[in-house]
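As structure tokens, the structure follows; a few thoughts come after it.
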Amino acid sequence: MTIEPRLIVTGREADGTSVFVTDEPADPTTIAAFPGTFYLMWGTDDGGTTVGTEPQEPKVFPFFPGPGGTRALFLRFAPHSSEPAGDPEAIAAEGAEKLPGLLDVFEPDNPGMHTTDSIDYGICLEGELHLELDDGKEVKLVPGTLVVQQGTRHAWHNKSDTPALMCYVLIGAGR
């Protein structure tokens, strides 16, 4: 059974009563620069957030949070992920429009390699994915694997014939 990302958000009424604010399927986003599907779920402003009776709106852009901000997303990697084909300028423009900030961290001369100023929790939910670090070493992730990325240079590769689904929680950090 394939996991279909879904967002449920709770909140409080003015009297403090807990309520469901949102319960809906996640909207998929695709870009030519990346062979997969993004589901941007939720995020908080940089510098931290508060809870209470004031409604909170998700902050999902820029893609990577600044210090104290958060982002939560699912990412389904296509099988045999590879470099995008087509006009590089058009691919970059589409990425900047649909997922602002995502492509800014990627190295132009090393496809897939990137570094972010964040602590990232990545949980493999479906399929298998390989995590490569800058020394070329790789580790295979299978469902149930949790990766903690501490602002390191890395790339993700789906070398299999099936999609791989990851859930990420990004916490913006200073470097």
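The values are calculated or read from the model by the stated rules, or taken from the named source; none is laboratory data. Here the structure is a predicted model, which is why all the values come from computation and not from measurement. All Cβ positions, glycine included, derive from the backbone under ideal geometry; neighbour counts span all protein chains shown. Accessible surface is based on the protein model in full, side chains and every heavy atom, while ligands, DNA and RNA are left aside. Shrake-Rupley method; radii C 1.70, N 1.55, O 1.52, S 1.80 Å.
Of the residues ARG6, ARG71, ranked by 1.4 Å probe accessible area with the largest first, the sequence reads ARG6, ARG71. Solvent-accessible area of ILE8, all protein chains in place: 80 Å² (probe radius 1.4 Å, heavy atoms, ligands and nucleic acids excluded). Placing unit charges on the Cβ atoms of the charged side chains and taking the dipole of the chain about its Cα centre, the candidate lying farthest along the positive direction among PRO65, GLY86, ILE3 is ILE3.
Given in Å, the Rg to one decimal and the Dmax to the nearest whole number for the Cα atoms of the stretch 19-78 are 13.4, 40.
Rounded to the nearest 20 debye, the dipole size of the stretch 59-175 about its Cα centre is 540 debye, using +1 on the Cβ of Lys and Arg and -1 on the Cβ of Asp and Glu.
Sequence-distant contacts, meaning Cα pairs under 8 Å at least 6 residues apart, place the relative contact order of the stretch 1-127 at 22 percent. For LYS140, list the lysines whose Cα falls under 19 Å from its own Cα; do not include residues on the same chain fewer than 8 positions away. The qualifying lysines are LYS159. Calculation over all alpha carbon pairs of the chain in 10 angstrom steps from 0 returns a P(r) of 9, 35, 37, 14, 4, 0 percent.
Per-residue SASA remark: GLU4, around 130 Å² accessible (1.4 Å probe; ligands, DNA and RNA not included). Among HIS157, HIS80, the sequence by solvent-accessible area, most first, with a 1.4 Å probe is HIS80, HIS157. In the context of the full protein assembly, ASP161 retains an accessible surface of approximately 120 Å², using a probe radius of 1.4 Å and ignoring ligands and nucleic acids.
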